[in-house]
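The values are calculated or read from the model by the stated rules, or taken from the named source; none is laboratory data. Just so it is clear, the model here is predicted, and its values are computed rather than measured. Cβ placement follows ideal geometry from the backbone for every residue including glycine, while neighbour counts extend to all protein chains displayed.
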Amino acid sequence: MKKRKLLCVLLTASMLLSLAACKKSEDETTASATSATSQETQQTTEAKAESSVPELEGYSLLWNDEFDGADLDESKWTRETRQPGWTNNELQEYTNSTDNVFVKDGKLVLKAIKSEKDGKDYYTSGKVNSQNKTDFMYGKVVVSAKVPEGQGLWPAIWMMPKNENVYGQWPKCGEIDIMESLGNDTTISYSTIHYGEPHAEQQGTIIKSGADSFSAKFHEYSVEWEPGEMRFYTDDELVLKVNDWFTAIAGSDELPYPAPFDQPFFVQMNLAVGGNWPGDPDASTDFANAEFLIDYVRVYQKPSYDTNVKKPEKPFREPLADGNFIRNGSFTEAENLEDDLDWKFLLFNGGEGAAEIKDGEMIITSTNCGTEEYSVQLVQPDLPMRKGHKYKVTFDIKADEARDCIVCVSAPNAGWIRYLPDTVIEIGPEWKTFEFEFDMTEKDDNNGRLEFNMGKRGHTATIHITKVRVEEITA
């Protein structure tokens, strides 16, 4: 009996071990199948995203993110964290919280949140960058995005060098701003490069209003970055072309062109709150909808690039026969006031108005003076400003009612410094002649700009201008 009992026990144990082995085999097969299915799903998603990316003639796709997954792809992006006031006097704290940076419905969402801390308003927001993950030198970057509306909101798509110390800290290292927009006026998008010491910049703008505004729908922003040229586009419309940048340490010679834009850069995107440019948010800012949405980021490259480039020489404008650098200064010719040739009329930040040339005058009518002095603006660019030379600005001006305006000669490519300082002039129904002289003490600049700024100051009376001159009075 003991032997039979022992035999039964041994048989039972053997059967149990066999069953356990079968179960383990089944579990491993199921796990393997599940893993394979998950991997297949991921590969299918990636393949689908890859297949949806259009080919560009002359380019190959270097990397992209269609944001089709459930989470941020951390093999490509880093959630950057920064304390308030880190730069530009911005108010937000950039966090790594999924409340501020997350993927939803095939879009990357950078969300600004208003809360309270120590009894004061406190703002958090999102910023991502591809530094040390997808750096590259030269190529075409294409981004589809929709910006939020709201005073104090400042979304941006931009690029910085992988190593800022190659040529020195900002701005010597260079910066490529593919798109910036201000939440208080999302009809305007800005594309800019920063470089050099002293700080210099070049900027282009594009305006789309109503149902086409930058907060109303997604737009595609891109830059074609090559060794000797950068071209910025919005919805395939050229916004800015630049090829004459530089970098240097103050007081030293310029470094060999095309420095600083001859090193690896990375892409970053953020939604700032407040700061020097947009100003602080106010009661009208809707933080429930303060979301910067990015549909895709695609980076392409050509098979090769010719790096043997030279900085183009832009000739200085020659004066007219009478010595005047201003073209059409007496407004004898009708001209397009929206193009970049000679006179241009501009509206920003709530400014509303119109300009026309009639009977030898520039006539500017405005119905809203906007929030900035440049909200209603008449300019003529490309004025030659040579270091050590002296210049004189003269013009006749009047207004239908007593008011003031501001005149200056600015430097759009040199950090908007003033060669002729902002000068307030009082005007009224009688013609007045104004004359200003100034010494050019900065480095040569062939893009000085005469400005008449008629915004912000509470006046909308119609202005008449004629006999405008800018001339060199000593060589």
Answer with yes or no whether Ser252 is at pLDDT below 95 and either surrounded by 21 or more Cβ atoms within 10 Å (Cβ to Cβ) or in a loop (DSSP other than H, G, I, E, B) (or both). yes
What residue, among those in the stretch 73-93 that are closer than 18 Å to Ser130 by Cβ and of a type in the set (Ser, Thr, Tyr), is surrounded by the most Cβ atoms within 10 Å (Cβ to Cβ)? Thr78
Go through the residues of the stretch 208-215 one by one and say whether even a single one is part of a strand (DSSP E or B) and touching a Ser or Thr at 6+ places or on another chain (Cβ under 9 Å). no
Those residues of the stretch 365-387 which are surrounded by fewer than 18 Cβ atoms within 10 Å (Cβ to Cβ), at pLDDT below 95 and over 30 Å from Asp244 (Cβ atoms) amount to Thr371
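Considering only the stretch 320-332, how many residues are surrounded by 14 or more Cβ atoms within 10 Å (Cβ to Cβ) and either of a type in the set (S, T, N, Q) or touching a residue at least 12 places away in the same chain (Cβ under 8 Å) (or both)?
The first filter runs over the stretch 320-332 and keeps only residues surrounded by 14 or more Cβ atoms within 10 Å (Cβ to Cβ), leaving 320, 324-331.
This time we only want the ones that are either of a type in the set (S, T, N, Q) or touching a residue at least 12 places away in the same chain (Cβ under 8 Å) (or both), so: 324-331.
Here the count works out to 8.
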Looking at the stretch 312-350, which of the residues that are more than 24 Å from the chain's Cα centre (by Cα) and closer than 25 Å to Phe246 by Cβ is modelled with the highest pLDDT? Phe325
Could you check Arg231 against (1) touching a residue at least 12 places away in the same chain (Cβ under 8 Å); (2) on the phi < 0 side of the Ramachandran plot and say which number it fails? (1)
Going through (1) surrounded by fewer than 14 Cβ atoms within 10 Å (Cβ to Cβ); (2) of a type in the set (A, V, I, L, M); (3) assigned to a strand (DSSP E or B) one by one, Ala70 fails only at (3)
Please work out which residue is surrounded by the fewest Cβ atoms within 10 Å (Cβ to Cβ), limiting yourself to the stretch 336-364 and to residues that are among the aliphatic types (A, V, I, L, M) and assigned to a strand (DSSP E or B). Ala354
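A quick yes/no check of all residues on (1) hydroxyl-bearing (Ser, Thr, Tyr); (2) in the same structural domain as Arg79 (by TED's automatic domain parsing); (3) in contact with an Asp or Glu (Cβ under 8 Å, 6 or more places away or on another chain):
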position	(1), (2), (3)
Thr186	yes, yes, yes
Thr192	yes, yes, yes
Glu237	no, yes, no
Trp245	no, yes, no
Ala248	no, yes, yes
Ser252	yes, yes, no
Pro264	no, yes, yes
Pro278	no, yes, no
Note on the stretch 154-202: residues of a type in the set (Gly, Ala, Ser), under 24 Å from Glu254 (Cβ atoms) and part of a loop (DSSP other than H, G, I, E, B) are Gly168, Gly174, Gly196
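If the requirement is being surrounded by fewer than 16 Cβ atoms within 10 Å (Cβ to Cβ), farther than 19 Å from Glu220 by Cβ, in contact with a strand residue (DSSP E or B) (Cβ under 9 Å, 6 or more places away or on another chain) and of a type in the set (S, T, N, Q), which of these qualifies: Asn163, Asn96?
Unique residue meeting the criteria: Asn96.
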The one condition Asn132 fails out of (1) modelled with pLDDT under 95; (2) part of a loop (DSSP other than H, G, I, E, B) is (1)
Starting from the stretch 398-418, keep only residues that are acidic (Asp, Glu), then list their pairs with residues that are assigned to a strand (DSSP E or B) whose Cβ atoms are within a distance under 7 Å, requiring at least 6 positions of separation or different chains. Asp404/Val424; Asp404/Ile425; Asp404/Glu426; Asp404/Ile427
Which one is farthest from Ile294 (Cα to Cα) among residues in the stretch 109-129 that are in a strand (DSSP E or B) and in contact with a Gly (Cβ under 9 Å, 6 or more places away or on another chain)? Tyr123
Spans of strands (runs of 3 or more DSSP E) in the stretch 388-475 with at least 3 residues modelled with pLDDT of 95 or more and either under 31 Å from the mean Cα position of the chain (by Cα) or among the β-branched types (Val, Ile, Thr) (or both): 390-399, 403-411, 417-427, 445-453, 463-474
Just to be sure before I move on: is Phe102 in contact with a Gly (Cβ under 7 Å, 6 or more places away or on another chain) and at pLDDT 95 or above in the structure I sent? no
